[in-house]
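First up is the structure itself, then whatever we jot down about it.
The values are calculated or read from the model by the stated rules, or taken from the named source; none is laboratory data. Everything quoted here is computed from the prediction, not taken from an experiment. A quick note on method: Cβ atoms are made from the backbone with ideal geometry, for glycine too, and the neighbour counts reach across all protein chains shown.
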Amino acid sequence: MASGDHHPIGDRRPISTGGNGCVPRPPAPHVLREYALLADGYRGALVNPAGTIDWLCAPVWESPTVFGGLLGARGQYTVTPTARAVWGGYYQPGTLIWTSRWVTTDGIVESREALAYPGQERRLVLLRRIHALTGDAELAVRLAAAADFGHAGVRDLRRNDDAWLARSGNLYLRISSGAGLAPEPDGALTGLLTVPAGQRHDLVLEISVDPIEEPVPDPNTIWRSTENAWRARNLPLTGYVGRRDAEFAHAVLCGLTRSGGGMVAAATTSLPERARAGRNYDYRYAWIRDQCYAGLAAAAAGADDLLDAAVNFVHARLLADGPTMAPAYTASGGPVPDQSALPHLVGYPGAEVRVGNWVGRQFQLDIFGESLLLLAAAHQRQRLDVAAWHAVEVAVAAVEQRWREPDAGIWELAAQQWTHSKLTCVAGLRAAAAAAPARQAARWAGLADAILAEVGRSGVHPSGRWQRSYSDPRVDAALLLPTVRGALPPDDPRSRATRRAVLAELTDDGYLYRFRPDERPLGDAEGAFLLCGFIASLAAHQAGDETDAHRWFERNRAACGPPSLYTEEYDVLQRQLRGNLPQAFVHAALLETAATLHGPDH
């Protein structure tokens, strides 16, 4: 590149073919730790350091992408400085309002980004406000929509005053304040935007299922309503250890939760847990277990609106499906489609693209125990009405009917008699019994005792600790959780032996792994599991080891990038995030751990 050339951050040039022309390739994705999340409850967008929206599904979470560059699909939306620049960024506290900040050779420029909040199911509004803090700013803008995972290009493109309107697939688009943009042959809108020093410029992108006929929205009004809505959801956690991260975790959970519906496990699909290992899944659905974890975290932190959302979703699924309740649903409560591949996409390096999930075909016993824990926590906070109490009875009946069956377990593996699943039901039954009238309480406590006795006969390792299943003698970090939840006392010899074994066999450099899949060293088969690290903190706190509890908490909350988002796994050696982004149950575990370490006496 000649010294006088200027190109946007993240500019991707074609690969030279040695004189035979150039072969274009999809823009390379960034490492996951560098992406920021925008979300409004119905969908989420990922923004990379170059100012590119690399991921956005519309109209809702499980829909195909409109911007799918993360997986190699056509469709991206970029606002980036043309000058040489260094990137940074930050969230407005307690919100998902993100600001990309570039220090360039010409000055400092920021781009404030948000999905209008709260969202609407059939229409999204993506806000971008560019502010030239010092010096005039020149930015390259490129809007290239491509619905249906890149299959559908732009059509019916036309200009209307200061706005451009178009269609892509079945969606309608409008970008306002974009009069300086011009169409390219493929329908992309591109142009250079100059913002004088000290001035701002707004770009407002609307994507809708219905024709966009209303007047162009006023960006000041939308920004104000979005800020007010996030302010109303703000959860001040004064005095908390990791206060800022805990408040942000709450915002992430709110952003992933659909109004009147469920919380998706993550905003993305097909981001691999391990390259070429085949473990890349679609997490754009609402897992019952994750929903319960989020609700318990909300109860611990006093976030009653988030607790109510979790309770409403879980109790509706229990009343509708009873003992056949599926492990996961769409965020609106529908069935999860079976998994299929999208071979036309190159995918995130190391994995093919998959949509849908086979989880709907599984039986996972522990979700009934988790549901009881959630509903009991809501009862303690006086958030449970008569209909939801009936869901408690349904969940107990499901446990009573099915607890002897093999299930897929917390890690969704081949059906076995998983110890964690049964102990979680014990914990849930004990919590429900504590909230129930005397007659029910006695029967439910008796059922818990019967299950615990059976597991005590078949699920204890010769060393005295719990083992993964009746037929698998290995230790599993998930076995810490039932004791934390009250299945049995922390001073029970089996609980103490399990904690000792987990810490001795599954830890590395202050991080915790789920289990040993094989004889390879920890970290070779998969990354450290951040959920388990926070569970280790809760277990240490319960055991009275506050130093260890805080050490686990601090170590695991550091396993993120600048935007403070977490994936499911953390590659300890490479210090990289692995798996879909952001992983809701990790943020829930961070919030619950922060609330627990804060304690009622602080």
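Can you list residue pairs whose Cβ atoms sit under 7 Å apart, with the first residue in the stretch 438-452 being within 12 Å of A427 (Cβ to Cβ) and the second being aromatic (F, W, Y)? Count only pairs 6 or more apart in sequence or on different chains.
I451/W403
Being in a loop (DSSP other than H, G, I, E, B), closer than 30 Å to L235 by Cβ, in contact (Cβ under 8 Å) with a residue 12 or more places away in the chain and within 24 Å of the chain's Cα centre (by Cα) narrows it down to one residue among L96, L127; which is it?
L96
Determine, yes or no, whether Y293 is out of contact with any helix residue (DSSP H, G or I) (no Cβ under 6 Å at 6 or more places or on another chain) and either among the basic types (K, R) or outside the structural domain of T65 (by TED's automatic domain parsing) (or both).
The answer is no for Y293.
Given the conditions (1) over 18 Å from P93 (Cα atoms); (2) without any contact (Cβ under 8 Å) to a residue 40 or more places away in the chain, report the number of the one that Q576 does not fulfil.
(2)
Which of the numbered conditions does W61 fail, given that it passes all the others? Conditions: (1) surrounded by 24 or more Cβ atoms within 10 Å (Cβ to Cβ); (2) over 20 Å from Y348 (Cβ atoms); (3) under 18 Å from the mean Cα position of the chain (by Cα).
The single condition W61 does not satisfy is (2).
Being over 21 Å from R279 (Cα atoms), under 32 Å from the mean Cα position of the chain (by Cα) and of a type in the set (G, A, S) narrows it down to one of S471, S495, so name that one.
S495
May I ask you to verify whether A415 is crowded, with 24+ Cβ neighbours inside 10 Å and either modelled with pLDDT of 95 or more or within 26 Å of R361 (Cβ to Cβ) (or both)?
Spelling it out, it is not the case that A415 is crowded, with 24+ Cβ neighbours inside 10 Å and either modelled with pLDDT of 95 or more or within 26 Å of R361 (Cβ to Cβ) (or both).
Could you grab me the full set of residues in the stretch 99-124 that are part of a loop (DSSP other than H, G, I, E, B) and in contact (Cβ under 8 Å) with a residue 60 or more places away in the chain?
Those that are part of a loop (DSSP other than H, G, I, E, B) and in contact (Cβ under 8 Å) with a residue 60 or more places away in the chain: G107, A116, Y117, P118, G119, Q120, E121, R122.
Among the residues of the stretch 158-190, write down those that are on the phi > 0 side of the Ramachandran plot and surrounded by 13 or more Cβ atoms within 10 Å (Cβ to Cβ).
Result: G169, S177, G187.
Does any residue in the stretch 44-70 that is under 20 Å from A265 (Cα atoms) come within less than 6 Å, Cβ to Cβ, of a residue that is acidic (D, E) six or more places away or on a different chain, and which pairs are these?
Hits for this filter: L46/D54; V47/E113; P64/D148; L70/D54.
Step by step: first the residues of the stretch 468-487, then only those that are touching a helix residue (DSSP H, G or I) at 6+ places or on another chain (Cβ under 6 Å) and over 20 Å from R289 (Cβ atoms), then the one that is surrounded by the most Cβ atoms within 10 Å (Cβ to Cβ). Which residue is that?
The selected residue is V475.
Checking the condition at pLDDT 95 or above and either more than 29 Å from N280 (Cα to Cα) or in the same structural domain as T65 (by TED's automatic domain parsing) (or both), which residue from G409, G428 passes?
After applying the criteria, what remains is G428.
For residues that are in contact with a helix residue (DSSP H, G or I) (Cβ under 9 Å, 6 or more places away or on another chain) and assigned to a loop (DSSP other than H, G, I, E, B), scanning just the stretch 222-240, find the one that is surrounded by the most Cβ atoms within 10 Å (Cβ to Cβ).
L237
Say we look at the stretch 39-57 and pick out the residues that are farther than 27 Å from V103 by Cα and among the charged types (D, E, K, R); which of these is surrounded by the most Cβ atoms within 10 Å (Cβ to Cβ)?
So, considering only residues that are farther than 27 Å from V103 by Cα and among the charged types (D, E, K, R), the one surrounded by the most Cβ atoms within 10 Å (Cβ to Cβ) is R43.
Among the residues of the stretch 290-316, how many are surrounded by 22 or more Cβ atoms within 10 Å (Cβ to Cβ) and out of contact with any strand residue (DSSP E or B) (no Cβ under 6 Å at 6 or more places or on another chain)?
Residues that pass the stated criteria total 17.
What are the residues in the stretch 362-410 that are closer than 17 Å to A433 by Cα, in contact (Cβ under 8 Å) with a residue 40 or more places away in the chain and of a type in the set (S, T, N, Q), if any?
Selection gives S371, Q380.
Residues S471, S495: which one is assigned by TED's automatic domain parsing to the domain that holds Q583, assigned to a helix (DSSP H, G or I), more than 21 Å from L374 (Cβ to Cβ) and touching a residue at least 12 places away in the same chain (Cβ under 8 Å)?
Every option except S495 fails the conditions.
Looking only at the stretch 114-169, how many residues end up being acidic (D, E) and more than 17 Å from V209 (Cα to Cα)?
The number of residues fulfilling the criteria is 4.
Does the stretch 332-339 contain at least one residue that is aliphatic (A, V, I, L, M), more than 30 Å from R443 (Cα to Cα), surrounded by 15 or more Cβ atoms within 10 Å (Cβ to Cβ) and touching a strand residue (DSSP E or B) at 6+ places or on another chain (Cβ under 6 Å)?
Yes, the conditions are met somewhere in the stretch 332-339.
Conditions: (1) more than 23 Å from A265 (Cβ to Cβ); (2) surrounded by fewer than 21 Cβ atoms within 10 Å (Cβ to Cβ). T80 meets all but one. Number of the miss?
(2)
Restricted to the stretch 121-140, and to residues that are more than 15 Å from L56 (Cα to Cα) and out of contact with any Asp or Glu (no Cβ under 8 Å at 6 or more places or on another chain), which residue is surrounded by the fewest Cβ atoms within 10 Å (Cβ to Cβ)?
Filtering first and then ranking leaves T134.
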